[in-house]
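Comments concern the structure below.
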Amino acid sequence: MQPARLLFIDDDVAVCDVMRTTLTHRGFEVVCVNSGAAALAALEHEEFDAVVTDLNMPGMSGLELCQRAHASWPNLPIVLVTAFGSMETAVAAIRAGAYDFIAKPIQTQELLLTLTRALEHRKLKAENQQLRETVARFKPPADMIGDSAAMQELYSMLARLATTDATVLITGESGTGKELVAQAVHRSGPHSAGQLVAFNCAAVPDTMLESELFGHARGAFTDAKSNRTGLFLQANGGTLFLDEIGEMPLTTQVKLLRALQERKVRPVGSDREVPFDARLISATSRDLETDVSEGRFREDLFYRINVVRLQLPPLRARGKDALLLAEHFIARFAQQFKKPVAGLQPAAAERLLTYTWPGNVRELQNCMERAVALSQGEQITLEDLPAHVREFEGTKFVLPLENPTELLSMDEVEKRYILQVLQAVGGSRTNAAAALGFDRRTLYRKLKSYGVE
């Protein structure tokens with residue numbers, strides 16, 4: 001690591017010599033000059049990490065030097081030193097662009113502490129500037145479509161993640177595009193040169209899950225006829241995406257937590273641990289906080305995977321994104337089916353906006369594929385949509401109060417409203433959850449507390 005380069009200005013040559021020796025012994029690379037003009041000339045031709053200048057000097061004062069240097073190098077921290085400390089002088093120094101102000105005689109520890117804070121402040125400002133530039137340059141992946149406020153917030157998070165390899169947890173209802181977002185995180189991150197290995201934790205029996213994740217040695221069990229490389233090692237240098245991590249049994253959760261803490265895996269039946277270097281992205285449609293509180297998911301593992309959370313919005317919360325996505329899918333399937341279909345008729349577009357899409361983007365994609373396949377015109381009509389979408393009528397619910405003077409707790413108001421919505425949608429918990437803006441597990445938990453089976 002290169003030592004910090006410091007420009008020290010004082011018209012007293014003896015002071016310069018002492019401070020050069022002192023600060024060099026503390027790990028700085030020090031350049032000393034004896035006037036403001038010489039300091040500006042040095043700044044023009046060399047790179048410095050911080051400046052320390054005497055305030056009272058012949059010719060150009062430290063305040064004037066500070067003003068001129070700050071105007072040209074606004075991110076360069078400047079510390080002013082004076083034998084005539086006062087509140088007015090300190091205020092003037094800060095207004096001139098100084099980072100801090102100390103009094104003579106210079107106390108070495110005070111100066112070192114001030115410089116340490118100044119350098120950390122400069123580093124933080126540089127990182128923030130780099131982050132802002134990264135966010136400004138970020139373009140959403142072509143396969144992520146939508147310009148709603150919810151999606152703009154997601155794009156901003158993806159841009160900020162591009163500078164880090166932090167562990168990510170993606171949450172959201174089924175069909176919101178969690179794997180698509182995982183691919184975007186991988187492609188824009190530091191591990192993008194490696195491969196993305198995706199695995200659904202609910203897709204294999206519990207007894208085989210450990211072998212899939214960590215691998216196994218030959219002879220570890222009956223069918224283990226050769227060594228097998230697990231997913232963590234397959235993803236070495238890249239990213240491992242564990243979908244539906246909430247379905248993982250507790251016994252495997254313990255071993256996953258250990259692997260993440262130690263950054264090593266032990267294949268089943270092996271007596272040695274193998275290090276790995278892979279970023280972890282997890283996804284779930286479950287309410288993991290509830291699972292933690294009810295003992296179905298380990299709290300320590302939850303905090304390990306939940307470093308950065310991306311909460312994907314349901315399609316019903318994305319407004320006109322439904323139409324943008326529909327147009328995208330129509331163009332794709334029109335090309336696939338070689339049909340001259342382009343766009344939606346107004347009645348069809350209106351129905352897509354009012355429908356609550358319990359299956360989210362996946363359901364919309366399926367709906368448009370069907371509509372294009374069956375369409376006989378150049379635009380998708382209301383009749384081309386599936387019956388459950390075509391016949392859907394949005395309902396506005398008003399909570400009835402049998403006695404207007406009755407005073408209810410908010411819990412009772414919520415209970416009555418939820419039960420009314422459930423009745424209005426014919427008992428469908430999926431549709432009730434969509435209308436209420438809950439995920440289904442939250443609705444099930446609330447209904448259970450009401451004694452509704």
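When the criteria are applied in full, Arg68 fails the requirement of being more than 21 Å from Ala90 (Cβ to Cβ) and within 44 Å of the chain's Cα centre (by Cα). The selection criterion, being aliphatic (A, V, I, L, M) and without any contact (Cβ under 8 Å) to a residue 12 or more places away in the chain, holds for Val18. The residue that is farthest from the chain's Cα centre (by Cα), counting only those in the range 225-247 that are under 19 Å from Asp271 (Cα atoms) and surrounded by fewer than 17 Cβ atoms within 10 Å (Cβ to Cβ), is Lys225. From the list Leu119, Leu124, Leu111, the one residue that fits, being crowded, with 19+ Cβ neighbours inside 10 Å and either among the aliphatic types (A, V, I, L, M) or in contact with a His (Cβ under 6 Å, 6 or more places away or on another chain) (or both), is Leu111.
Assess whether Glu363 counts as being in contact with a Gly (Cβ under 7 Å, 6 or more places away or on another chain), assigned to a helix (DSSP H, G or I) and either surrounded by 14 or more Cβ atoms within 10 Å (Cβ to Cβ) or not assigned by TED's automatic domain parsing to the domain that holds Val168 (or both). Let's see the steps before the verdict.
Values: in contact with a Gly (Cβ under 7 Å, 6 or more places away or on another chain): yes; assigned to a helix (DSSP H, G or I): yes; either surrounded by 14 or more Cβ atoms within 10 Å (Cβ to Cβ) or not assigned by TED's automatic domain parsing to the domain that holds Val168 (or both): yes.
In short, yes.
Here is the figure for the range 197-230: residues that are on the phi < 0 side of the Ramachandran plot and part of a strand (DSSP E or B) total 7.
Taken over the range 300-355, the criterion of being surrounded by fewer than 17 Cβ atoms within 10 Å (Cβ to Cβ) and among the β-branched types (Val, Ile, Thr) is satisfied by Val307, Val308, Thr354.
Against the criterion of being in contact (Cβ under 8 Å) with a residue 24 or more places away in the chain and part of a loop (DSSP other than H, G, I, E, B), Asp291 does not qualify.
Is the range 259-270 home to any residue that is surrounded by 14 or more Cβ atoms within 10 Å (Cβ to Cβ), charged (D, E, K, R) and closer than 18 Å to Ala166 by Cα?
Going residue by residue through the range 259-270, those that are surrounded by 14 or more Cβ atoms within 10 Å (Cβ to Cβ) are 259-260, 264-270.
Imposing the further condition that a residue be charged (D, E, K, R) reduces the set to 264, 266.
The next check asks that each one be closer than 18 Å to Ala166 by Cα; those that pass are 264.
Looking for residues that are surrounded by 14 or more Cβ atoms within 10 Å (Cβ to Cβ), charged (D, E, K, R) and closer than 18 Å to Ala166 by Cα, one finds at least one in the range 259-270, hence yes.
Exactly one residue out of Glu383, Glu412, Glu363, Glu378 is at pLDDT below 90 and among the charged types (D, E, K, R): that is Glu412.
Of the residues Glu153, Glu210, the single one that is among the charged types (D, E, K, R) and within 13 Å of Gln311 (Cα to Cα) is Glu153.
When Ala37, Ala50 are checked against the criterion of being within 25 Å of Thr89 (Cα to Cα), of a type outside the set (Val, Ile, Thr) and under 44 Å from the mean Cα position of the chain (by Cα), a single residue qualifies: Ala50.
Ala136 meets each of the listed conditions (1) at pLDDT below 85; (2) of a type in the set (A, V, I, L, M); (3) surrounded by 13 or more Cβ atoms within 10 Å (Cβ to Cβ) apart from (3). In the range 420-450, of all residues being under 17 Å from Ala317 (Cβ atoms) and among the charged types (D, E, K, R), the one that is farthest from the chain's Cα centre (by Cα) corresponds to Arg440.
Only one of the listed residues (Ala334, Ala342) is outside the structural domain of Ala259 (by TED's automatic domain parsing), at negative phi and not in a loop (DSSP other than H, G, I, E, B). That residue is Ala334.
The values are calculated or read from the model by the stated rules, or taken from the named source; none is laboratory data. Remember, it's a predicted structure, so these values are computed and weren't measured experimentally. Every residue, glycine among them, receives a Cβ derived from its backbone with ideal geometry; neighbour counts consider all protein chains shown.
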